[in-house]
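Structure first, then comments.
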Amino acid sequence: MKLSFPLGLFSQAHSSSTSGSTASTRRIALNVVLDGVVSAAAAPIARWLAAPDGGLLHPLWFVAGGGITLLVSGVPFRMSQQYWRFSGLADLFKIACASVVSACLFSLLLHFSGFAIPTPTFPIIHAMVLLVMLGAVRMAWRLAMRRRIAAASSERILLLGADHDADLFMRALERGPGGQRVVGLLTDGAQQAGRRIHDSPILGQINEADRILERLSKAKRLPDALVVTAPDLRGAGLSFLIASAQRYGIKVQRAPKLTDLQPAAKMELRPIAIEELLNRPPVTLDADGMGRMIRGQVVFVTGAGGSIGSELARQIAAFQPAALILLESSEYALWQISVDISERFPNLEYHEVLADVRDRRRMTEVFATYRPALVFHAAALKHVPLVEDNPLEGLLTNIVGTRIVADAASDAGVRAMVMISTDKAVNPSSLMGASKRCAEIYGQALDVRARAAGEGMRCVTVRFGNVLGSTGSVVPLFRRQLEQGGPLTVTHPDMTRYFMTIPEAVGLVLQAAVRGTQAMSSLEEDQTDQYLRQGGIFVLDMGDPVRIIDLAYQMIRLAGLKPEIDIEIRFTGLRPGEKLFEELFHGREAPVPSDAPGLKIATPRTVDIVDATAALNHMERACREGDLRAATLILQQLVPEFIHNRDGSLAVMQSSSRQPQQEVPAS
């Protein structure tokens, strides 16, 4: 009984292998027969071309000799094993070689049989006739297969990308089982219009898409879809293309990566991702520096189950730390990231710690147990309306919790702590934003003291805006609303936000950690080191802010629908604590370029460690006692620019004064 299943599998596999081998043998035999017939016919045709007076009729042995010599000469070139449907230049070269050898053998056969060669040029003519006829048969077969695939193709597509990208895509499409047919191309070349690639016309340039689609619409020849083959077509150009296609009800899709094209499989086109509309050039990251910082070290991540914390854990694990400590207060989130890490990095030592950063005794115990060298503090309550509804919880987690983690890390001899902050800490209008600014202040104070003393834990603060796809962000909300048929809810038509992808943001956080923990002598210090020594904060280069309503429009278009026609957009008004627009720098924090790509520095606004400690002692006592009024007063003293927008009033936002940001030139 135990052997029946494996034996059945073996029998099935053997049967499948036998049937496949039989089919392959039949195909090779058919190739031999067809090549023999073609080469047999080529012999009298070549004889007639060399000497027309001799006629086309010849003895049977003459015809058979032409076929046999080709089959013999084709053996070393494996002509019988050629796959005619995929014939290319390499196959044509082998046919040419076999034709030359066959013509020479046939001429020798005629010579030794006493049959005079009609002309000295006969072997050359014979070789050329063989090459033309054998190549023509294969080409005819390939064209017939292409026509059959084209006839079966139900979707007409227009390609957009470089000519070499289009060529590779069309070759893969041709060798697949069908489904799409290319009816035209738009390239990035200025002088390619009118030419053809694989018999498909180049209609113009990509930036002329709107005009070309209008022309095709008038001619009633619009494609069913636009397929982007250019990997670097992103941002504003891609947004414009989607808007143009939307006017004609055409979907826009992305071709697979060139390295993912599978000739034998159906071409899997994918929809355009919302992340591709962010027009930000890639930043070169210091992977070597990250490896030196992390490899062989015990690394601690708080909030490891969150959007940023989990991506931090994944990217850190790739640099082979000695151990990875994952701290999270949510059991389910901790289980998710631990399963992910165990599957991706099976040889990595990691530990799951279920704990709350607000528990001082537990934090002291955990840090004393694992003694990490690096701490990435991502644990926080980040959802503005939820913190407004639960203010003391937000203050306890974001301020008191951050201080407890920082103090426990410092006491445990941690070399550096990297703290994740937010653009909502700049000119805050919410309790969440103000609490994160307080956390920044304490981190700055610790770092200034450590750098002045030349010892102690470095505290590197990294500030950035929204990340696409994070828990509670607008993109997942819009996706859920689209799945339900709308409407999409936007708080205000003028609301803008900075956006960045999660992996991109985390990569830059690690870049900031490398730069912020570099030990420099006084002779080596540059402007970046001087600002860091004074408490400077790293700020990610987030690019240009995005209007939320534009994001909603784009997501509706990416779903193949029309804004305000298929999907309604409904304005709901500002929520408590919300701002119309976020800022990355305070008016007195002039942005300074750093010497690390993708990073700027907010010029320091610091509070002395003694004053910060005293204020936070009062803050913790007020929060523990449930005295929100006292806690808010202390918050206002630490963050004087905090103007609380309790009820989401637009008037409050418009009355808050802000100083213009001025770029400080690099020295």
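A few remarks follow.
- Rg(Cα) / (2.2 N^0.38 Å) computed for segment 320-380, rounded to two decimals: 1.12
- Centroid-to-centroid, using Cα positions, segment 432-497 and segment 276-345 are 18 Å apart.
- Here segment 267-356 is treated as an ellipsoid with the same Cα gyration tensor; its semi-axes, largest first and in whole Å, are 26, 19, 13.
- Segment 488-514 residues near the modelled residue 575 label - backbone nitrogen below 19 Å, point 7 Å along Cα→Cβ: 488-500
- Restraint check, 251/424; 251/600; 251/579; 218/562; 436/562, Cα-Cα greater than 29 Å: 251/424; 251/600; 251/579; 436/562
- Using R0 = 56 Å, the C-beta based FRET efficiency linking residue 347 and residue 29 works out to 0.65.
- Calculated log₁₀ intensity ratio I(q)/I(0) where the Debye formula runs over C-alpha points of segment 467-580, q = 0.19 Å⁻¹: -1.01
- Net charge over other residues, Cβ less than 14 angstrom from the Cβ of residue 317 (K, R count +1; D, E count -1): -2
- Taking every alpha-carbon pair in segment 355-484 and binning the separations at 5 Å intervals from zero gives 2, 11, 19, 20, 18, 13, 9, 4, 2, 1, 0, 0 percent.
- Model label zone, residue 253; criterion: amide N under 13 Å from point 7 Å along Cα-to-beta-carbon; scope segment 197-237: 224-229
- You can think of it this way: the chain between residue 526 and residue 287 has 83.9 nm of extra reach, that is 0.36 nm per residue less the Cα-Cα gap.
- Theoretical FRET efficiency, 1/(1+(r/R0)^6), r = Cβ-Cβ of residue 365 and residue 566, R0 41 Å, to 0.05: 0.15
- Simple spin-label estimate for residue 494 and residue 119 in nanometres, 7 Å along Cα-Cβ: 8.8 nm
- Net lengthening on full extension, residue 547/residue 273 (0.36 nm per residue, minus Cα-Cα): 96.9 nm
- Other residues with beta-carbon under 12 Å from the beta-carbon of residue 308 carry, at +1 per Lys or Arg and -1 per Asp or Glu, a net charge of 0.
- Gained length - residue 320 relative to residue 411, 0.36 nm times residue gap less alpha-carbon distance: 30.2 nm
- Semi-axes of the equivalent ellipsoid for segment 303-406, computed as √(5λ) from the eigenvalues of its C-alpha gyration tensor and ordered from largest down, come to 24, 16, 11 Å.
Read-outs: derived from the displayed coordinates by stated rules, not from any lab. This structure is a prediction, so every number in the text was calculated from the model and none was measured. Cβ coordinates were reconstructed from backbone atoms using ideal geometry, including for glycine residues, and neighbour counts include every protein chain displayed.
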